[in-house]
Each structure stands twice: as C-alpha cells, then as structure tokens.
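Trainee: Below you will find the structure I want to go over with you.
Read-outs throughout are calculated quantities, based only on the coordinates presented, and are distinct from any laboratory measurement. Predicted model only: the values in this text are computed from it and were never measured. Cβ coordinates were reconstructed from backbone atoms using ideal geometry, including for glycine residues, and neighbour counts include every protein chain displayed.
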Amino acid sequence: MREFDIALIPGDGIGREVMPAAEAVLEAAGRKYGARFRCSRFDWGTDFYFAGGRMMPEDGLEQLRPHDAILLGAVGHPQAPDNVTLNGLLLPIRRGFDQYACERPAKLYAGVESPLKGYGAGSIDLVVVRENTEGEYAQIGGFLYPDLPAETAVQTSLFTRRGCERIIRRAFDLARKRGGKKRVASITKSNAQGYSMVLWDRVFAEVAERFPDVETESLLVDAAAMNFVRRPDSFDVVVGSNLFGDILSDLAAMVTGSMGLAPSSNIDPTRRCPSMFEPVHGSAPDIAGKGLANPLAMILSARMMLDHLDLAAAANDVEAAVSKVLADGKAMPRDLGGSAGTQAVADAVLSALEQT
Ligand code: GGG
C-alpha cells in the first residue's frame, strides 16, 4: 500500500463545495489501486483573513512543506480585495515552493459542445504551460502620492533567462511526452515589450534548437487569442508568461466547453517542494453555497495530482470516468447545459470509476 500525505485547502466559495468531490474520488481511486491518501484540511482563505488579517498563518508554508502534494479549491471573496486574497495565499505558495510550471490542459470531451462551430470530440486538445513564479506576477512596484491627484502606480515585470529557459524547456519536454502534434507555440509581445519579451523570444529560439523534432511557432498574444478562436485544433503545447498564460488558459477552457472543466497544476519539477493542484476557476460567489458548482475541474485537478504522484493508472481511470459521465450526459453540470448539481455529478463520477 503506497501512502501519501495530502494538504487540502478548500479556500473560499465553491472551492469548499467541490473539494469533497475530489476527496471522494481520491479515496475511491486509492482503494482500487492500493494507495492511501492521508488528507489534512487547512481552513485558510478569506474567513481566516477576516478573523486574523492574514489569508494563511505566518508559518503556512512550513505547515504545508511535509506533504506530498496540495489540493486547493478557490480563493476570492466579494468583500476582500482580489490582490489581498491572491497575494496572501496562492502566490506565496507558488513562489515559496518554486512551483514554476503551471500546466492547464483543455480538451473537448465527447458530450461537450464547443461554442465554436464544427469541432467534434477530441479535435481540440491543447495544454497551456504558464510560467508561474515571475513575469508580470513578480509584485515589484509601489504607489506614490496615494489618494492625491498625482497618484502614481509603478509595476515592474521580472523576466530572467533562467526563468524563461526552464519553463520553455518544460513545454518542449511536454510536447515530446504527449506524443501528439509535437508542436510548441510561444506567446510573446516583443513588438511592444521591447526588453522582457525580446529576452523571452531569444530564449525560445535557443531552446527550440535543442528540439529539432518539435515544430514551433511564435505568436503575439493578441494573434494567439484570435487563433484560439480561429484554429484551436492547431495547438498542442502553448507556452506563455504568467499573465499571458493565465488569460489564454481561460480562453482555452471556454472553447472546450466551460471553466468548470479546466484543471491546473502548479509543479516544482525538482520535487524538492510539494506541488499544488487547483481548478482554474475561482470562488464563484454568485453560485456559492447552493450546491450548483461543477466539480469536474476539481476532480480533474486531483487526476493531475495522481499523475504527479506516479499513479498513472489511477489517473487514467479518473479521466475515463469523467469522460464517461460527460459522454453519457445523464449527470451533466449546469454550466454544460445540464441540471445536475455538485453532488449528483460527483456521484456519477464515483459510479463510473467503480465500473472502469
Ligand atoms: N482555483 C484557484 C483560484 O481561485 N484561482 C483564481 C485566481 O484568481 N487565480 C489567479 C491566478 O491563477 O493567477
């Protein structure tokens, strides 16, 4: 029996509703494949912030460090500034544990309709690889003359050769591993960002030379957004900076059906620190507390965690169970045009998992 210590941070809003679905799926997959997940729950997030002024304790990273992996639900609350919730929890974990590789797959499943005409099951299948520790999220800057007419904000992006090189290399490795189109698209804006993105482009060209078997293209981020709509089926691996990757992964989620299907990993490939897995979606306060949220993005994030923990067979079964539920269409979540609530969708996945 393989044993794993998993830290659960349900967080805010629907994060708390979709987390139990992932826990139940982990338990079921573990039973089937001889793995035990010892889950410890950390009730950090905006309630913790309202009570004590911090999104997580000062020693939060030290509490998380001994775990094999972290599952996170969502962060964000209408009564708390978004920069506080993000900078108080998610970003310190990503940076503190050097989780530099954020991978966000987007796949058009059978039973799910793309808002774009003419795309069938499997025709869109891409992964956005997002740099996760620097770039536009570096939080370097400040305010000058606050609340005066001359109020000024300065924000600096940070692009290092090491940071660009390691994420771009990861994207090429992934294109080889996926064994599909073997194509990497680099997202840039070097026409306007004449330093940071010029370095990015230069490093991309250098890394590409080491992967002659992988096809490449370089797209300005605006052209990439257009082409995600115009020819989404042409993409395989798409590598971008922290901000560009974040924006394009929402677009990728929507052209493959819904944000409710979009999982995400935050990986430290050296495995020195625990990696974190979370749905791309946020806390969705408009539907929170009503049992309506689609748990599939959370379940598919747990699937990515299983894969990271070298439980590939269990991960494949979870993906097969989700595919079956979507193809059957009997327990379709509301964001995909059905009427099934969180529990009904989770139950359907569990029952499909038993049958696979
Ligand atoms: N599922 C985690 C979550 O709540 N994400 C919302 C969010 O604002 N993420 C920002 C980011 O990934 O950059």
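Trainee: Given 5 Å bins starting at zero, what is the percent of C-alpha pairs of the range 134-205 in each, up to the one with the largest pair distance?
Mentor: 3, 14, 18, 18, 14, 11, 8, 5, 4, 2, 2, 0
Trainee: Please report, ordered by residue number, every helix of the chain (full DSSP H runs) that is 15 Å or longer along its axis going by C-alpha atoms and whose mean Kyte-Doolittle hydropathy reaches 0.5.
Mentor: Once both thresholds are applied, what remains is 196-209, 242-255, 296-308, 312-328, 342-355.
Trainee: Let me ask you something else. Taking H as built 1.01 Å from N, whose amide H comes closer than 5 Å to the amide H of Cys39, not counting residues under 5 places away?
Mentor: Under 5 Å from the amide H of Cys39: Ile6.
Trainee: When the gyration tensor of the range 125-255 is built from Cα positions, what are the square roots of 5 times its three eigenvalues, in whole Å, from largest to smallest?
Mentor: Values: eigenvalues 173, 57, 28 Å².
So the equivalent ellipsoid measures 29, 17, 12 Å along its semi-axes.
Trainee: Positive end of the charge dipole of the range 207-303 (Lys, Arg +1 and Asp, Glu -1 on Cβ, about the Cα centre): tell me which of Leu248, Asn266, Pro285 has its Cα farthest that way.
Mentor: In the range 207-303, that residue is Pro285.
Trainee: Using alpha carbon centroids, what distance separates the range 155-189 and the range 63-120, in Å?
Mentor: Rounded to whole Å, the Cα centres lie 18 Å apart.
Trainee: Evaluate the Kirkwood expression for the hydrodynamic radius of the range 36-143, namely the inverse of the mean inverse distance over all pairs of different C-alpha atoms, and round to one decimal in Å. Please list the in-between numbers first.
Mentor: Numbers: mean 1/r = 0.0597 Å⁻¹.
Evaluated on the range 36-143, it is 16.8 Å.
Trainee: Can I ask one more? Can you pick out the pairs among Lys177/Lys330; Lys117/Lys324; Lys32/Lys117; Lys181/Lys290; Lys189/Lys324; Lys189/Lys290 whose Cα atoms lie more than 32 Å from each other? Before the final figure, lay out the partial values.
Mentor: Numbers: Lys177/Lys330 34 Å; Lys117/Lys324 23 Å; Lys32/Lys117 39 Å; Lys181/Lys290 41 Å; Lys189/Lys324 40 Å; Lys189/Lys290 41 Å.
Those over the limit are Lys177/Lys330; Lys32/Lys117; Lys181/Lys290; Lys189/Lys324; Lys189/Lys290.
Trainee: Grab the eigenvalues of the alpha-carbon gyration tensor for the chain, scale each by 5, take roots, and send me the semi-axes largest first in whole angstrom. Write out the running numbers ahead of the final one.
Mentor: Working: eigenvalues 178, 138, 84 Å².
Equivalent ellipsoid semi-axes, largest first: 30, 26, 20 Å.
Trainee: I'd like the per residue volume of the convex hull spanned by the Cα atoms of the range 236-344, given in cubic angstrom.
Mentor: Working: hull volume 14.3 nm³, N = 109.
Given the Cα convex hull of the range 236-344, per-residue volume reads 132 Å³.
Trainee: Compute log10 of I(q)/I(0) for the range 282-356 with the Debye formula, placing one identical point scatterer on every Cα and leaving out solvent, at q = 0.12, 0.17, 0.18, 0.22 Å⁻¹, to two decimals.
Mentor: -0.33, -0.63, -0.70, -0.95
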